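Every read-out reported here was derived from the displayed coordinates using simple, explicitly stated rules and does not represent laboratory data. The structure displayed is predicted, hence computed values, not measured ones. Methodologically, a virtual Cβ is constructed for each residue, glycine included, from the backbone with ideal geometry; neighbour enumeration extends over all protein chains shown.
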Amino acid sequence: MFVFLLDNSLKVEVYCEEMDSEFEDNICVSFVEECPDDEKVFRADETNIYLTSKQAEQLGNLLVHAAKLGC
């Protein structure tokens, strides 16, 4: 699953890393930026953050809560 943000210059993808299935933090949130360096949010073209199931659930809950508030 992925979504494009920031005028489609930032691709955010979430997937389970099958090669790391023995590790607790095998849910990957991948950020890929295709824009000029001075417009980048991250320093690298691709940045991956690995989460546990509980952390992913907490992040999802925070996003849903913010979306419902409309803030």
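Annotations
- Dipole magnitude (debye, nearest 20) for the chain, charges at Cβ of Lys, Arg, Asp, Glu: 480 debye
- Neighbour cut-off at most 13 other Cβ (10 Å), DSSP loop, GluC sites (Glu not before Pro), the chain: Glu22, Glu24, Glu34
- Whole-Hz ³J(HN,Hα) from phi, Karplus 6.51 cos²θ - 1.76 cosθ + 1.60, for the stretch 50-59, glycine and proline x: 9, 10, 7, 4, 5, 5, 4, 5, 4, 4
- At most 16 other Cβ within 10 Å, DSSP loop - chymotrypsin sites (Phe, Trp or Tyr not before Pro), the chain: Phe23, Phe42
- Cα-based Rg / Dmax (Å) for the chain: 13.7, 38
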